[in-house]
Amino acid sequence: MAGKGPDRNAVAVSDLATAILDPVLRKRAGISIGLVQSWEEIAGPRLAQSSRPEKIQWPRRMHDDDPFEPAVLVVACEGAAALHLQHETGEIISRVNAYLGFSAIGRIRFVQKPVRPPQTRERPAPRALSQAEKHRLDSTLGRIEDEGLRQSLERLGASVVGSGKPKG
């Protein structure tokens, strides 16, 4: 009976994204998406705001019988967060290793770079036009016959003139 009842084969989009991204992250950065998603729990909310795990650098093994050596966790951080993270390095290594289930990480290397996307500032609304500014705008646009074009140009003109300082 197609179309009736809940779809028993439905899959959450986050599960699909994880299934797609996790192998790519493992191959390219040696890191799992789960570690990135759990970073706030590992580093704590204060430090997670200005840092994120970038990659895990595993030491090269020349032979299969070479002894295991722990990896380096590369963490991107902003500004003073590097100093705070350095003080917490031992604790973060312990938490990452607990998350991974074995002593995978031996040290952390910090790289300073932006972690959050730059925030765009909202522009203030243009000020109301003075009577003289309205009159000048109306006289400039008065000969435009197309009503829609004239209204669009009026809004544009009001926005441009209203974003500047009033002439007085």
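Taking the stated definitions as given, is VAL115 over 27 Å from the mean Cα position of the chain (by Cα) and not in a strand (DSSP E or B)? No; evaluated as a whole, the condition is false for this residue. With respect to ASP7, determine if the residue is in a loop (DSSP other than H, G, I, E, B), at pLDDT 75 or above and loosely packed, with under 10 Cβ neighbours inside 10 Å. Spelling it out, it is not the case that ASP7 is in a loop (DSSP other than H, G, I, E, B), at pLDDT 75 or above and loosely packed, with under 10 Cβ neighbours inside 10 Å. Taking the range 33-87 on its own, how many of its residues are under 17 Å from VAL111 (Cβ atoms), charged (D, E, K, R) and assigned to a loop (DSSP other than H, G, I, E, B)? Residues that pass the stated criteria total 1. Please list, ordered by first then second residue, the pairs with beta carbon atoms under 7 Å, 6 or more apart or interchain, first in the range 32-57 and in the same structural domain as HIS87 (by TED's automatic domain parsing) and among the polar types (S, T, N, Q), second part of a helix (DSSP H, G or I) and modelled with pLDDT of 85 or more. That search, which allows pairs on different chains as well, returns SER38/TYR99; SER51/ALA43; SER51/LEU85. Sub-6 Å Cβ pairs linking a first residue in the range 135-156 that is within 22 Å of ALA125 (Cα to Cα) and basic (Lys, Arg) to a second residue that is at pLDDT 85 or above and in a helix (DSSP H, G or I), at least 6 apart or interchain, are ARG150/LEU141, ordered by first then second residue. Of all the numbered requirements in (1) exposed (fewer than 15 other Cβ atoms within 10 Å of the Cβ); (2) not assigned by TED's automatic domain parsing to the domain that holds LEU149, ASP138 misses one, and that requirement is (2).
Among the candidates GLY90, GLY79, GLY101, which residue alone is on the phi > 0 side of the Ramachandran plot, without any contact (Cβ under 8 Å) to a residue 24 or more places away in the chain and either of a type outside the set (Asp, Glu) or in the same structural domain as SER38 (by TED's automatic domain parsing) (or both)? Only one candidate qualifies: GLY101.
The values are calculated or read from the model by the stated rules, or taken from the named source; none is laboratory data. Keep in mind that this is a model prediction, so the values were computed, not measured. All Cβ positions, even for glycine, are placed from backbone atoms using ideal geometry, and neighbour counts span all protein chains on display.
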